[in-house]
Amino acid sequence: MIRTRHFFPLFLVSGVFVVTAYGCSSDPAECVCQYPATGTGGTSTSTGAGTGGTTTADAAASTGGDTTTGGTGGTTTTGGTGGTGGEAAGGTGGTGGSGGGVMETCTGCARLSGPLTMPNDQTYFIIPFDPVVDMSASMVTFRVRVVEGTAGGMQTIAQNGEENDYLGVYEWNNLSDHTGDLHDVVLDLSAYAGSGAGGAGGAGGAGEPAFDPSQVSSIGLSINAGEAGPWTSPTIIYVDSITISDAAAGPWDFAASVDPMVVNSSVMVAGATLTHIPDVAAAR
């Protein structure tokens, strides 16, 4: 047997709801009449709380109004079911801000960044000369700071060109010894004077070729992993200035740019970068 439910409207007669027929199946025993809620929705107060719905006799109370804080439950007259409290109409949460990074500041610096992930990883950051410069009486001062670095070294470099097989000096400085504030690291090229090609040979014989400080084709710094970690990758060094005692070249203060320093593409680790940090105080 197919049971059919029929729905008919309510009529209000002298304040009393009259139901002609409602929700009855073909089986009288299952015919149960129900009364829909007729209360008034909640209203918001100055604090945002809604007032619940009200009902008449034997009718289900209406649902309280939606509010930002949550409405007060409905009230009833005789025998009515209490109204449901209003639901909070909470706003959508705002999007979280981007995480703040560390602000890097320097009084106009070249920023040397070299990845170190395995033994002997190294990147050269150099100032090339053309033509070559006689620095046999020079002391080169690098004003530096290791910003990020653990194992490995920072080498001060001076090199000859192709005519002397790119021989050079590479003085090792532990990265861990040069953290903190900016300070000076000195490369004394006068100590290598007289050690040019053949200069180390005995009487009547030619010595092994050696670095010639009178024919310098580049100076600079390297970030070098050395033999063992653990390393910080990337390792970062600030170079505030490079000066030369006898003014054979330079000076360079990197106030406006990293020029003339470049990354030596022949000796570098993928991902190494050379960027400029402006003088923040001067830029204001």
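Bear in mind that the values in this text are calculations on the coordinates, not laboratory data. It should be emphasised that the depicted structure is a prediction, and the values quoted were computed from it without experimental measurement. All Cβ positions, even for glycine, are placed from backbone atoms using ideal geometry, and neighbour counts span all protein chains on display.
What the table below lists for this structure:
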item	result
Residues within the range 229-257 that are part of a loop (DSSP other than H, G, I, E, B) and over 19 Å from residue 150 (Cβ atoms), tallied	12
Filter result (in contact with a strand residue (DSSP E or B) (Cβ under 7 Å, 6 or more places away or on another chain) and either part of a loop (DSSP other than H, G, I, E, B) or farther than 19 Å from residue 184 by Cα (or both)) within the range 129-144	129, 132, 133, 135, 138
Pairs with Cβ under 7 Å, 6+ apart, first in the range 124-151 and surrounded by fewer than 17 Cβ atoms within 10 Å (Cβ to Cβ), second acidic (Asp, Glu)	137/246; 139/188
